[in-house]
Amino acid sequence: MRVATFVVAAFAAVFLGTPAIAGDEKEPAPGTSVEMPYLIAPITVDDRLVAYAYISSKIIATSSSAAIDIRDKTPFLQDAFLRDVNGASIGSSADPAKVDSALLIKRLLNDAKRIVGGAKVANVAISQIQMAQLKPNPAK
């Protein structure tokens, strides 16, 4: 019985103690991730509104104390983010009906650094993007 307990404990220590590999992305340090309220961004094609993108994002702070400053500025950040996504298209140049995530992250990162300060913001991450078409395509 003691041998079985030892084997289970050794297995748990070896396999459960090692972090899972999830691609090249590394997890931010605890306490440095600040979840932002959802953004609702219009998607236009040829100056016609075709859909809305519901975007959940988070700002990665450079430290825990910087995360507190970011949380204090959340209303100002949300205002800047909303003005940004409503001021210029977030659509991809290849397909304007799809969101260009890389460009969106770059724009939101610039907004965050401008509002909070470049030394406090490490990155912006997009958690999820959901598209809602205004008029679904008719059945063919």
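The values are calculated or read from the model by the stated rules, or taken from the named source; none is laboratory data. As the structure is a computational prediction, the values presented were derived from the model and not from experiment. When we count neighbours, we look across all protein chains shown, and the Cβ atoms used for this are built from the backbone with ideal geometry, even at glycine. Accessible surface is based on the protein model in full, side chains and every heavy atom, while ligands, DNA and RNA are left aside. Shrake-Rupley method; radii C 1.70, N 1.55, O 1.52, S 1.80 Å.
Worth pointing out:
- Conditions (1) in contact with a Lys or Arg (Cβ under 8 Å, 6 or more places away or on another chain); (2) surrounded by 18 or more Cβ atoms within 10 Å (Cβ to Cβ); number of the one not met by SER92: (2)
- Condition check for LYS106 on (1) part of a loop (DSSP other than H, G, I, E, B); (2) open to solvent by 70 Å² or more (accessible area, probe 1.4 Å): one failure, at (1).
- Output for the stretch 72-84, where each listed residue is out of contact with any helix residue (DSSP H, G or I) (no Cβ under 8 Å at 6 or more places or on another chain) and surrounded by 14 or more Cβ atoms within 10 Å (Cβ to Cβ): THR74, GLN78, LEU82
- Any hit, the stretch 42-58, residues being under 15 Å from the mean Cα position of the chain (by Cα), open to solvent by less than 50 Å² (accessible area, probe 1.4 Å), within 30 Å of GLN133 (Cα to Cα) and of a type in the set (Lys, Arg): yes
- LYS58 among the charged types (D, E, K, R) and touching a residue at least 40 places away in the same chain (Cβ under 8 Å): yes
- The condition of being part of a helix (DSSP H, G or I), touching a residue at least 24 places away in the same chain (Cβ under 8 Å) and more than 17 Å from PRO37 (Cα to Cα) holds for only one of ARG114, ARG71, that being ARG114.
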